[in-house]
1. Looking at A:Asp113, A:Asp83, A:Asp117 in this structure, which one is within 14 Å of chain B (Cβ to nearest Cβ) and either surrounded by fewer than 20 Cβ atoms within 10 Å (Cβ to Cβ) or charged (D, E, K, R) (or both)?
2. Six or more apart or on different chains, Cβ atoms under 7 Å: show the pairs whose first residue is in the stretch A:68-80 and within 12 Å of chain B (Cβ to nearest Cβ) and whose second is loosely packed, with under 14 Cβ neighbours inside 10 Å and part of a helix (DSSP H, G or I).
3. Which of the residues spanning the stretch B:76-94 are surrounded by 17 or more Cβ atoms within 10 Å (Cβ to Cβ) and either over 18 Å from B:Leu39 (Cβ atoms) or among the small types (Gly, Ala, Ser) (or both)?
4. Give me a count of the residues in the stretch A:1-52 that are more than 14 Å from every other protein chain (Cβ to nearest Cβ), outside any helix (DSSP H, G or I) and either hydrophobic (A, V, I, L, M, F, W, C) or without any contact (Cβ under 8 Å) to a residue 12 or more places away in the chain (or both).
5. Limited to the stretch A:175-197, what total is found for residues that are assigned to a helix (DSSP H, G or I) and farther than 28 Å from A:Leu137 by Cβ?
6. Can you pull out the residues in the stretch A:133-152 that are more than 18 Å from A:Arg199 (Cα to Cα) and either in a helix (DSSP H, G or I) or touching a Cys at 6+ places or on another chain (Cβ under 9 Å) (or both)?
7. Select from the stretch B:65-75 the residues that are part of a helix (DSSP H, G or I) and surrounded by fewer than 18 Cβ atoms within 10 Å (Cβ to Cβ) and list them in ascending order.
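Coordinate-derived values only; no laboratory data. Keep in mind that this is a model prediction, so the values were computed, not measured. Note: ideal-geometry Cβ built from the backbone for every residue, glycine included; neighbour counts use all protein chains shown.
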Amino acid sequence: MTVESKHIVRAYDQELKQLNELIGRMGGLAEVQIDNAIRAVVERNVELAKEVAASDARVDRMEADINSLALRMLALRQPMAIDLRYILSALRIASDLERIADHAENMCRRAKDIAEDSGGPAVTGIQRLGKLVLAMLKDVLDASLAGDIDKAVEVWLRDNEVDELYGSLFREYLTYMMENPRNIGACTTLLFVAKNVERIGDHITNIAETVYFRVKARPLKDSLPDGVDSDDAEEDDNR
Amino acid sequence: MAITQSAPSSIHAHRTSRRAQAKMSARDVNVFYGDKQALFDVALDIPAHHVTALIGPSGCGKSTFLRCLNRMNDVVEIARVSGDITIDGGDIYALDVVELRARVGMVFQKPNPFPKSIFDNVAYGPRIHGLAQNRDELDEMVFTSLEKAGLLDEVRDRLTEPGTGLSGGQQQRLCIARAIAVNPEVILMDEPCSALDPIATARIEELIDELREHYTIVIVTHSMQQAARVSQRTAFLHLGELVEVGDTQDIFTNPRDERTQGYITGRFG
């Protein structure tokens, strides 16, 4: 039985549909925010960066709308089993999307510094990292919409690529800094941006875990094959 | 009648290793009302000192099953019960029915105090079973039962007043006091809160949780939230068949059977 199959109370179905639509719209908005943030950094476009920062309030409002609808449904419908997991998942996904958008906004705060330092190191690495997480976000949102756990697991595993790429970027910028101390300022800024993108990847893995839990009613990490390091997505901002 | 070990394939027993010892057991229970079959091969263990909730849509057989446990169906002329039901391993049909009903008490949907005083309502059972040697012992039994039912403080000064003069919730607790006065081992409750307001319901639910320490409880309820709140085990019946039984937490968060999922999420047609 899926969450789409009909309830006796039709208003309940409409609310679930509305919740689903809100998550979809919020996910779409987060995608645009990341895409624009990466472009603002790569193209050294300060205007675009300001636009991203201004749009963050829209993402926050959508999270508040989702929270409010979910709260109302918990109180009025007293959901059980798949419905309960669905509503809890919506709350968690909305929270991750909000954090993702915050990271996009943080990247844009650095975009101004990067734009001013046109002679700084190349940003192609960040562009690649950005493309990777953007594709992951798109796929995890598709997985969420379709309740596709295979796709959710596949996205979850792809976070390793993000971590590896972030690690190699870190080493690359470290080399620049050692070569010439005048690069330290620019490289540190770029490292902050790279870190933001890497953190977005972690939130995407959270969403993948949430989708898995919603469908299977058990944590994804309990279901991973041997040899997969389940701690990869657990690391925090301080790493 | 032989005990069948294999349960019907549609029954999923979860976490059986954690399950407490069965106080009562039912195997291959079939009930007919005339030509109509109300229960089909029901097999269920009732663990000791647990609250087992029976849920399902109207007419699914949950009350019928409850009534099998203390042979209440015996008094229904057209009812025919087959299968094995045991208490502490002994066949309930080998016991005298009066003794069985003293061991397996019952509380009904609508509070039904006798048209007697509050005291006499509770003293009724101990009197007919000759449990008290003298007035002091009887007083003790009545007071202890009222205390356990959470009613003593409210009725201490008016024990001679009629039981029917109490509020609905108090009457239901009086019926519970009456049921436990004969020191039963199992208490069957057939929708005990359906005629009560939410506050009285909450008090009964709190009481059920306390009673579990001393008694084994089986409750039929239409309220899934109530089943989820008060029970440790839940059995879902549908069209006379036991569809699924498991730990309450599992049944309400991750049921195995589509029919259970449909019922608890409100998708049943």
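1. A:Asp83
2. As it stands, the answer is A:Gln78/B:Gln225, since those pairs meet every condition given.
3. Here is the first cut: in the stretch B:76-94, the ones surrounded by 17 or more Cβ atoms within 10 Å (Cβ to Cβ) are B:79, B:81, B:83-87, B:92.
Passing the criteria: B:Ala79, B:Gly83, B:Ile87.
4. Adding up the residues that qualify gives 1.
5. The initial filter retains those residues of the stretch A:175-197 that are assigned to a helix (DSSP H, G or I), namely A:175-179, A:181-197.
Now restrict to residues that are farther than 28 Å from A:Leu137 by Cβ: A:175-179, A:181-185.
Qualifying residue count, the stretch A:175-197: 10.
6. Applying the first criterion (more than 18 Å from A:Arg199 (Cα to Cα)) to the stretch A:133-152 yields A:142-151.
Once the filter is applied, which keeps residues that are more than 18 Å from A:Arg199 (Cα to Cα) and either in a helix (DSSP H, G or I) or touching a Cys at 6+ places or on another chain (Cβ under 9 Å) (or both), the stretch A:133-152 yields A:Asp142, A:Ala143, A:Ser144, A:Leu145, A:Ala146, A:Ile149, A:Asp150, A:Lys151.
7. First, pick out the residues of the stretch B:65-75 that are part of a helix (DSSP H, G or I): B:65-69, B:72-75.
Of everything in the stretch B:65-75, those that are part of a helix (DSSP H, G or I) and surrounded by fewer than 18 Cβ atoms within 10 Å (Cβ to Cβ) turn out to be B:Asp74, B:Val75.
Every residue, every condition in (1) farther than 27 Å from B:Ser223 by Cβ; (2) surrounded by fewer than 17 Cβ atoms within 10 Å (Cβ to Cβ); (3) more than 22 Å from the chain's Cα centre (by Cα), yes or no:
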| site | (1), (2), (3) |
| --- | --- |
| B:Val107 | no, no, no |
| B:Pro111 | no, no, no |
| B:Ile118 | yes, no, yes |
| B:Val142 | yes, no, no |
| B:Gly150 | no, no, no |
| B:Arg156 | yes, yes, yes |
| B:Gln171 | no, no, no |
